[in-house]
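Report on one structure; see the data block that follows.
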Amino acid sequence: MAKKVVFSGIQPSGVLHIGNYLGAIQQWVEGQAKYDNIFCVVDLHAITVPQDPKELTDNIYRTAATYLAAGINPRQSIVFVQSQVPAHAELAWLLNTITTMGELSRMTQFKDKSQKGGSGRASVGLFDYPVLMAADILLYGTQAVPVGEDQTQHVELARDLAQRFNHRFGKTFPVPEVILRKSGARIMGLDDPTKKMSKSASPANYIALTDSSDVIRKKIMRAVTDSGSTIKFDPKRAGLHNLLTIYQLFSGQTEAQIERHFAGKGYGDLKRELADLVIGKLTPLQTKIEHYMKNKRLLDAILKSGAKRAARLAHPMLTEVKRKLGLAQ
Ligand code: AMP
Ligand code: TRP
């Protein structure tokens with residue numbers, strides 16, 4: 001049986017944190033052999049909010065380098081930059097014509113992000129962001145989309161648009177499913193475990209993939225917990241639960257193993273061991289990222305070849321969509 005087509009992406013804006021790594025990249029790596037994968041650096045999404053052009057270029061490379069350093073194999077999976085395959089923007093325009101203002105107005109990420117800049121000041125691009133994401137997904141006949149929980153509403157829109165297009169113009173797109181991890185789909189902020197870890201929060205909220213060992217240790221030691229003492233996976237103790245989840249995902253151990261290991265120990269022990277574990281995992285990742293960052297020629301070659309493969313895959317779908325709409329061929 002043919003493998004399922006998987007597509008996912010991360011915006012090259014700001015720092016990547018362990019929420020991005022555990023919610024998205026780590027599950028991409030785990031599913032790499034099981035699926036036919038396409039992993040994209042979604043730079044056209046990043047420019048929906050103001051970006052410094054120099055920083056953006058650097059972040060595009062860094063995001064791609066992170067995929068590769070984390071274990072995405074470009075011979076096995078397609079790795080490329082969204083703006084290098086024009087079909088994404090083109091399909092987004094076509095899908096715009098079957099998307100309603102009402103649907104996009106209901107997107108919670110748009111509501112959050114547009115409120116921050118003041119009403120009426122959000123760009124049209126920010127409003128249209130979910131349609132571009134639907135285009136990313138549908139362009140390749142994608143069947144599954146591994147993301148963190150915050151993206152489910154966007155994938156839902158992609159499903160609706162696939163069904164709507166199929167209904168109006170004849171079967172064209174598979175209806176994609178979201179893949180969420182049982183644990184890790186929502187890593188919480190270290191300073192406020194009631195909200196998701198986010199790069200737009202203060203640095204105490206997240207562990208950046210680029211944080212030094214000292215910074216990682218400080219952030220973990222200061223992470224908000226409660227006044228309890230036993231170490232158990234209890235969703236009601238949000239801060240503790242989050243630290244244990246991070247421990248679980250970096251160690252690969254089961255809940256039972258972890259609870260047994262920490263039986264009789266205190267929060268301080270957990271935090272110290274967690275810091276050692278995270279540092280032990282991120283240090284080699286950082287070394288590999290820097291290796292790619294120093295080797296831009298290699299990175300460019302990988303991304304160019306990825307873009308070529310992606311464009312070749314996208315072409316028949318875009319042609320079919322245009323034909324079904326009755327556009328000149
Ligand atoms: P972004 O940085 O917004 O482009 O997000 C990239 C990926 O990381 C998406 O799949 C998000 O769902 C995922 N992600 C972002 N924040 C978190 C978090 N706190 N926990 C789990 N996944 C996350
Ligand atoms: N919107 C996603 C995020 O912020 C990034 C993204 C863009 C994406 N296009 C996508 C994720 C297609 C999965 C599939 O996380």
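In whole percents, the pair-distance distribution calculated for the chain from its alpha-carbon pairs, binned every 20 Å from zero, is 30, 56, 13, 0.
Helix-only arithmetic for the chain: the sum of -39500 (n - 2.57) across DSSP H runs with n ≥ 4, divided by the residue total, places the mean residue ellipticity at 222 nm at -16500 deg cm²/dmol. Electrostatic bookkeeping for ALA122 treats Lys and Arg as +1 and Asp and Glu as -1; over the other residues with beta carbon under 13 Å from its beta carbon, the sum is +2. Return one number: the angle in degrees, 0 to 90 and rounded to the nearest 10, between the long axis of the Cα atoms of helix 267-293 and the longest principal axis of the Cα atoms of the chain. Between helix and principal axis, roughly 40 degrees. Kindly express, to the nearest 10 degrees and within the range 0 to 90, the angle between helix 87-96's C-alpha long axis and the longest C-alpha principal axis of the chain. Taking Cα atoms only, the helix is inclined about 80 degrees.
Could you give the Stokes-Einstein D for segment 204-287 in µm² per second, using the C-alpha Kirkwood radius, 4 °C, 1.567 mPa s? Roughly 99 µm²/s, to the nearest whole number. Of the accessible area of segment 212-285, computed with a 1.4 Å probe over protein heavy atoms only, carbon and sulfur atoms account for 52 percent.
The longest stretch of the chain left intact once loop-based trypsin sites (Lys or Arg not before Pro) with at most 15 other Cβ atoms within 10 Å are removed from consideration, loops following DSSP, is 122-170. Segment 226-275 and segment 23-62 have Cα centres spaced 30 Å apart. Gyration tensor analysis over the Cα atoms of segment 67-110 returns equivalent ellipsoid semi-axes of 31, 16, 7 Å (largest first, whole Å). Between the Cα long axis of helix 152-169 and the first principal axis of the chain there is an angle of about 20°, rounded to the nearest 10. Pairs from the table (LYS196/LYS218; LYS4/LYS322; LYS4/LYS171; LYS199/LYS265; LYS199/LYS281; LYS182/LYS304) lying more than 30 angstrom apart at Cα are LYS199/LYS265; LYS182/LYS304.
Per-residue accessible area (protein heavy atoms, 1.4 Å probe) orders ASP214, ASP160 as ASP214, ASP160, starting from the largest.
Computed over protein heavy atoms with a 1.4 Å probe, the accessible surface of segment 203-290 works out to 49 Å² per residue.
The values are calculated or read from the model by the stated rules, or taken from the named source; none is laboratory data. The model shown is predicted, which means the values in this text are computed figures rather than measured ones. In this analysis, Cβ positions are derived from the backbone assuming ideal geometry, glycine residues included, and neighbour counts consider all displayed protein chains. For the accessible areas, the whole protein counts, side chains as well, though only heavy atoms, and no ligand, DNA or RNA atoms are used. Shrake-Rupley method; radii C 1.70, N 1.55, O 1.52, S 1.80 Å.
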